[in-house]
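First the structure, in the form of structure tokens, and then the observations on it.
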């Protein structure tokens, strides 16, 4: 099963979602991309994922244009900007979904407040994508 997760910067939410789906089932082929990709994965996203044993430090933000002509079982946007600006795919897309999350990289405040927000969003991504995996993906994997 081939899945593409799209966010604007491809540095935080989409990277965490990719890390979770890969950790749920190694049979999934999971990719992530951005409509306006950043240069690196957000260090706080990598830190909070590392806290729970998922290493995303080797991930690199990529542009969604690399994936437009391919065939996908699922294309999932995780931010409202990417949902609106998601390109029209010329390949086959069996399911297009939006599973939105707040952007923890936009939070300002004390280091503790920022860390709290990254953890909160991480945990929300984990819960919603695990539910998606159990209800939608797992029954379809052969």
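The values are calculated or read from the model by the stated rules, or taken from the named source; none is laboratory data. What you see is a predicted model, and the numbers here were worked out from it, not measured in a lab. Cβ sites come from the backbone with ideal geometry, for glycine too, and all protein chains shown count toward neighbours.
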Q. Can you name the condition, by its number, that residue 73 falls short on among (1) farther than 18 Å from residue 3 by Cα; (2) not in a helix (DSSP H, G or I)?
A. (1)
Q. Of the residues that sit in segment 83-119 and are modelled with pLDDT under 90 and assigned to a helix (DSSP H, G or I), which one is surrounded by the most Cβ atoms within 10 Å (Cβ to Cβ)?
A. 83
(Q) Quick check on this structure: which one of 128, 122 is at pLDDT 95 or above, in a helix (DSSP H, G or I) and surrounded by 17 or more Cβ atoms within 10 Å (Cβ to Cβ)? (A) 122
(Q) Considering only segment 17-28, I want to know if a residue exists there that is over 28 Å from residue 140 (Cα atoms), modelled with pLDDT of 95 or more and in a helix (DSSP H, G or I). (A) no
(Q) With the requirement that a residue be part of a helix (DSSP H, G or I), surrounded by fewer than 19 Cβ atoms within 10 Å (Cβ to Cβ) and in contact (Cβ under 8 Å) with a residue 40 or more places away in the chain, what does segment 42-70 give you? (A) 47, 51
